[in-house]
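Note sheet for the following structure.
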Amino acid sequence: MMRSPHYFAVACRAPNGEIVSRVEPLSKTWIGRQRWLKLPFLRGSLAILDAMTLGSQAMRFASNIQLDPAYQPSSPNGEPAEAKPSTTSTVPKGVQDAGVGLAMVLGLVIGVLLFVVIPNAVAEIWHRSFHTTDYRYTNLITEFIKVTLFLGYVYGIGRLPEIGRIYMYHGAEHKAINTLESHESLEMEYCLRQTRLHPRCGTSFAVVVLLLSLILFTFVPRYPIPNLENPVLQVLVRIILEVLILPLVAGFAYEAIRIAGKFRNASLIRAVFWPGLMTQYLTTKEPDESQIEVALTSLKLVVEAEEQPKEAEVIEPVGVQALSER
């Protein structure tokens, strides 16, 4: 899936081998119409919501194609093979949108539980077990647990064959974007030469968020409400505080990623954002030519859809891990 300043496109390979694609203006989406969400330091939160919304739509489109009888492979005698039953066309759009919204809410809840609630709960147990007096040590442990969980999570799911293929498509997205930004023709021979790493990748965004959180949250008072003795309430207050601050952290992280994209060849920028680039070796894999072909198809759609592309605007990959947005 690719996102340009005004359009997004999705392409997938059907069971019969055909590449099926679709391009739509971003103005059709609710988030795309919210101009206030595009302001500096608000764009970080928008990037997450935008990627989740468009990603859900892309997955729904791809699922429909996989089940559509028109795209099933033919049998040896030339007759169309029997397609799997599909009821997606009979589901009202309102119900589908509600399902996308529910999936987004569920994803956010799981993310908060995994990367905010559990680290803080474990760190609080450590704090009370060793009777530490300096809350900064407890905060630091919390942040290291977050980093460990994140790296373990992306590595662990990458061991699954299905997710491994998604990581290959993620690498194909990056190669296609790198070809465009190198001002080369969007053809296979040029795309194959490109690296599968990209400074504006969602993985880099997540790593920058984690590193900024480590610096900031370590020094935020752990117990902001005096005389609150209940440990459960103390942890709950801490969780609420982090959730409230997190959009600001995401905003700073997103602006930093934008800078990294503009000055990607500068030695200092490459050194500062090196952890994010290296983490992409976990969330991307080298794609094959068939996957690169799909990525190029999607990219060409949004390039062509932009009637007068502005030189300062850059097409962005919006894949499973690609959360950055222009």
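The values are calculated or read from the model by the stated rules, or taken from the named source; none is laboratory data. These numbers were taken from a predicted model, which means no experiment stands behind them. Backbone-built Cβ (ideal geometry, glycine too); neighbour counts: all protein chains shown.
Of all residues in segment 220-251, those being among the charged types (D, E, K, R), under 31 Å from the mean Cα position of the chain (by Cα) and over 26 Å from Phe205 (Cα atoms) number 0.
Surrounded by 13 or more Cβ atoms within 10 Å (Cβ to Cβ), on the phi < 0 side of the Ramachandran plot and either of a type in the set (S, T, N, Q) or without any contact (Cβ under 8 Å) to a residue 40 or more places away in the chain (or both) - does that describe any residue in segment 207-216? Within segment 207-216 (the criterion being surrounded by 13 or more Cβ atoms within 10 Å (Cβ to Cβ), on the phi < 0 side of the Ramachandran plot and either of a type in the set (S, T, N, Q) or without any contact (Cβ under 8 Å) to a residue 40 or more places away in the chain (or both)), the answer is yes, since at least one residue qualifies. Are there any pairs with C-beta distances below 8 angstrom linking a residue in segment 255-275 that is on the phi < 0 side of the Ramachandran plot and acidic (Asp, Glu) to a residue that is in a helix (DSSP H, G or I) and surrounded by 14 or more Cβ atoms within 10 Å (Cβ to Cβ), with the two at least 6 apart or on different chains, and if so which? Matching pairs, first to second residue: Glu255/Arg43; Glu255/Gly44. In segment 190-209, the qualifying residues are those that are modelled with pLDDT under 95 and assigned to a helix (DSSP H, G or I), and the one that is farthest from Gly251 (Cα to Cα) is Thr203. Of all residues in segment 262-290 being buried (at least 21 other Cβ atoms within 10 Å of the Cβ) and either over 16 Å from Gly202 (Cβ atoms) or not β-branched (Val, Ile, Thr) (or both), which is modelled with the lowest pLDDT? Among those residues, the one meeting the criterion is Phe273. In this structure, does Leu149 turn out to be touching a residue at least 12 places away in the same chain (Cβ under 8 Å) and over 23 Å from Leu277 (Cβ atoms)? No: the conditions fail for Leu149.
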